[in-house]
Amino acid sequence: MKSLRHPCWSVSICLALSLGSTAFAQSNVATAHSLISGPVDEASLVKLNGNVHPAVHRAVDLGIVESSYPMERMTLVLKHSPQQQQALDVFMAQQL
């Protein structure tokens, strides 16, 4: 029996394993589609009530800051589409 320590065998085995795992991962990923329907129109922005901390008000607003100013302790929460939520629920159920 030949030894598997030959460099060609090692490369072949690694290549086969990586291709197989990539194909498996791609088969389990749902196809995502863009939810952005067009360009952002700065003139038609919408204020979302209840999304600003109560301590923030006009009296303490210092105005526009430099674009390099760090935004610390900021959280952006996005909502899943119904299809995304259903896919997540199915995925989580399979994990149990």
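The values are calculated or read from the model by the stated rules, or taken from the named source; none is laboratory data. Because the structure is a prediction, the values reported are computed rather than measured. Quick reminder, even Gly has a Cβ in these numbers, built from the backbone with ideal geometry, and neighbours come from all protein chains shown.
Quick rundown of the values:
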{"quantity": "Cβ pairs under 6 Å, 6+ apart, first in segment 67-96 and more than 30 Å from A55 (Cα to Cα), second part of a loop (DSSP other than H, G, I, E, B) and of a type outside the set (V, I, T)", "calculated": "A87/A30"}
{"quantity": "Residues (more than 17 Å from K79 (Cα to Cα) and assigned to a loop (DSSP other than H, G, I, E, B)) located in segment 35-46", "calculated": "G38, P39, V40, D41, L45"}
{"quantity": "Matching residues, segment 39-96, being exposed (fewer than 10 other Cβ atoms within 10 Å of the Cβ) and among the acidic types (D, E)", "calculated": "D41, E42, D61, E66, E72"}
{"quantity": "Some residue of segment 69-89 being more than 24 Å from the chain's Cα centre (by Cα) and hydrophobic (A, V, I, L, M, F, W, C)", "calculated": "no"}
{"quantity": "Selection within segment 68-78 - at pLDDT 85 or above and either of a type in the set (G, A, S) or closer than 15 Å to L35 by Cβ (or both)", "calculated": "S68"}
{"quantity": "Conditions (1) surrounded by 10 or more Cβ atoms within 10 Å (Cβ to Cβ); (2) part of a helix (DSSP H, G or I); (3) modelled with pLDDT of 80 or more: number failed by S21", "calculated": "(3)"}
